[in-house]
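Working notes, beginning with the structure itself.
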Amino acid sequence: MNWFSTIIIFLTAFLAVFWEAAFNGVRHWIGAQIDLLPAIMVYVALSGSIGMVTTFAILGGLWFDSLSANPLGVTVLPLFLIGLTIYANRELILRDETFAQFVLGLAASSVVPIMILLFLLTTCHEPLFGWGTIWQLVVMSVGGAIATPIFFEFFNFVNRVLGPRTYSEISFRPDREIRRGR
């Protein structure tokens, strides 16, 4: 992954966190806010290096926590663990399949909030927890699952249109004659 792709990914994550905090239309309409960071983490873990997974988890988690009611840094470890798990198994994952992207987005978008909730409960914080939490978890999971293939298409489109061009050299001339036989 080149520097241009890295900058686009981090800019998208920053804008996604800002959108989640600034625009409450989705929250009022469906009763929960969709978290887009796990969906982007799926793309980063399948396309980037372990350093990029770590950097994305740290920056994305701190950005998200600074604009939410979470204690600062509680989102970093769940994002990193999801990214590390996907990164470690990415040879086994069909990266270009939409269904695989959807399932990974569903898993990441459901595991990250559950881990954050567990961290908050084990560190003596008192988060709001009730029957509405299940609805929020369902909305966040389905929203992240739908957003993951969209992010894959968006980042692939940006890399194709604005990324560096690669040319492949052919190893033979098209006007060369191949003699067969004796």
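The values are calculated or read from the model by the stated rules, or taken from the named source; none is laboratory data. What you see is a predicted model, and the numbers here were worked out from it, not measured in a lab. Cβ atoms come from the backbone with ideal geometry, glycine included; neighbour counts cover every protein chain shown.
A few notes on this one:
- Which listed residue is more than 16 Å from ALA16 (Cβ to Cβ) and aliphatic (A, V, I, L, M), from LEU59, LEU94: LEU94
- Looking only at region 65-111, and only at residues there that are among the small types (Gly, Ala, Ser) and more than 12 Å from the chain's Cα centre (by Cα), the one that is modelled with the lowest pLDDT: ALA69
- Matching residues, region 112-138, being farther than 21 Å from VAL26 by Cβ and not acidic (Asp, Glu): MET115, LEU118, PHE119, LEU120, LEU121, THR122, THR123, CYS124, HIS125, PHE129
Residue by residue, here is whether (1) over 12 Å from the mean Cα position of the chain (by Cα); (2) farther than 25 Å from GLU97 by Cα; (3) among the charged types (D, E, K, R); (4) not in a helix (DSSP H, G or I) holds:
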residue	(1), (2), (3), (4)
ILE9	no, no, no, no
LEU15	yes, yes, no, no
PHE18	yes, yes, no, no
TRP29	yes, yes, no, no
ALA32	yes, yes, no, yes
ALA39	no, no, no, no
ALA45	no, no, no, no
THR55	yes, yes, no, no
ILE58	yes, yes, no, no
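- Filter result (more than 24 Å from VAL44 (Cβ to Cβ), among the hydroxyl-bearing types (Ser, Thr, Tyr) and free of Cβ contacts under 8 Å to residues at least 40 places away in the same chain) within region 110-167: THR122, THR133, TYR167
- In region 79-92, the residues that are within 18 Å of PHE119 (Cα to Cα) reach residues that are among the aromatic types (Phe, Trp, Tyr) with C-beta atoms within less than 9 angstrom, at least six apart or across chains, in these pairs: LEU79/PHE56; LEU79/PHE64; PHE80/PHE56; GLY83/PHE56.
- Region 34-52, subset in contact (Cβ under 8 Å) with a residue 12 or more places away in the chain and surrounded by fewer than 24 Cβ atoms within 10 Å (Cβ to Cβ), residue farthest from LEU84 (Cα to Cα): ILE34
- Region 60-98 - residue that is outside any helix (DSSP H, G or I) and among the hydroxyl-bearing types (Ser, Thr, Tyr) and, of those, surrounded by the fewest Cβ atoms within 10 Å (Cβ to Cβ): SER68
- Some residue of region 13-33 being surrounded by 13 or more Cβ atoms within 10 Å (Cβ to Cβ) and closer than 17 Å to VAL111 by Cα: yes
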